[in-house]
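*Asks:* Okay, here's the structure, questions in a sec.
The values are calculated or read from the model by the stated rules, or taken from the named source; none is laboratory data. Because the structure is a prediction, the values reported are computed rather than measured. Cβ sites come from the backbone with ideal geometry, for glycine too, and all protein chains shown count toward neighbours. The protein model used for the area step is the full one, side chains on, heavy atoms only, and it has no ligands, DNA or RNA in it. Shrake-Rupley method; radii C 1.70, N 1.55, O 1.52, S 1.80 Å.
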Amino acid sequence: MKRFYTTLLALTLGNTAMASDIEEPSWTLVDTVETVELREYAPSIQAVTQLDHSGQTSAGFQRLAGFIFGGNETGEKIAMTAPVEESLEANQPLMAFTLPSEYELEDLPEPADDSVQIQTVPGRTMAAIRFSGWATDGKVKRNTQQLIATLKQHGIEAVGTPSLNQYNPPWTPPFLRRNEIMVEVQVQDAGA
């Protein structure tokens, strides 16, 4: 239910762009292993904030949305992208928005809120498993377990913490919603 309120907040803040108009990070499909896609992502820039331990995501979403909707040193509005990424780290959960690819790090205004940080993300290989509907705690847990088990079964090493990635505006019907659990992986070189 808590993730439902996060998506409603996006609507409240006036994000009325159509889903097809929203930029997503650039990636190339490397391989498919059962229901898991292995993707090579290009470097990107993210706005990131730490979430509290209560599991409530709305405050983190508000901070990031505030930054892109003009809560920065210049008042510049920055386009919303997809997905909204939420790390599944128990000790220090994070939420992130990937910023539009037109920006270089030095071109971005400083966030007005000190709890929002801008960081570069290097190119990386990610494993992703997709599911539809609302991203309930049960669905997130089941899909995370399936992703990790599939990788382990195929000898692919997960590095880092899995994340929940939600792509749709809040008015999207559950059966059309796109959610993914992703984790960075170490891919062995074929010649190694």
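*Asks:* Can you pull out every residue in segment 18-47 that is more than 15 Å from the chain's Cα centre (by Cα), at pLDDT 95 or above and hydroxyl-bearing (Ser, Thr, Tyr)?
*Replies:* Listed by number, the residues that qualify are 28, 32, 35.
*Asks:* Within segment 86-94, can one find any residue that is assigned to a loop (DSSP other than H, G, I, E, B) and at pLDDT 95 or above?
*Replies:* Looking through segment 86-94, none of the residues is assigned to a loop (DSSP other than H, G, I, E, B) and at pLDDT 95 or above.
*Asks:* Suppose we keep only residues that are assigned to a loop (DSSP other than H, G, I, E, B) and under 24 Å from residue 26 (Cα atoms) within segment 41-58. Which one would you say is least open to solvent (accessible area, probe 1.4 Å)?
*Replies:* Ranking the candidates gives 42 first.
*Asks:* Residues to consider are 133, 138; find the one that is modelled with pLDDT of 95 or more and at positive phi.
*Replies:* Being modelled with pLDDT of 95 or more and at positive phi holds for just one of 133, 138, which is 133.
*Asks:* Scan 97, 67, 61 and give me the residue that is farther than 26 Å from residue 131 by Cβ, of a type outside the set (Val, Ile, Thr) and open to solvent by less than 20 Å² (accessible area, probe 1.4 Å).
*Replies:* Selected residue: 67, the only one of 97, 67, 61 that is farther than 26 Å from residue 131 by Cβ, of a type outside the set (Val, Ile, Thr) and open to solvent by less than 20 Å² (accessible area, probe 1.4 Å).
Okay, residues lined up against (1) more than 25 Å from residue 46 (Cα to Cα); (2) of a type in the set (Gly, Ala, Ser); (3) out of contact with any Pro (no Cβ under 6 Å at 6 or more places or on another chain):
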{"position": "130", "(1), (2), (3)": "no, no, yes"}
{"position": "155", "(1), (2), (3)": "yes, yes, yes"}
{"position": "166", "(1), (2), (3)": "no, no, no"}
{"position": "181", "(1), (2), (3)": "no, no, no"}
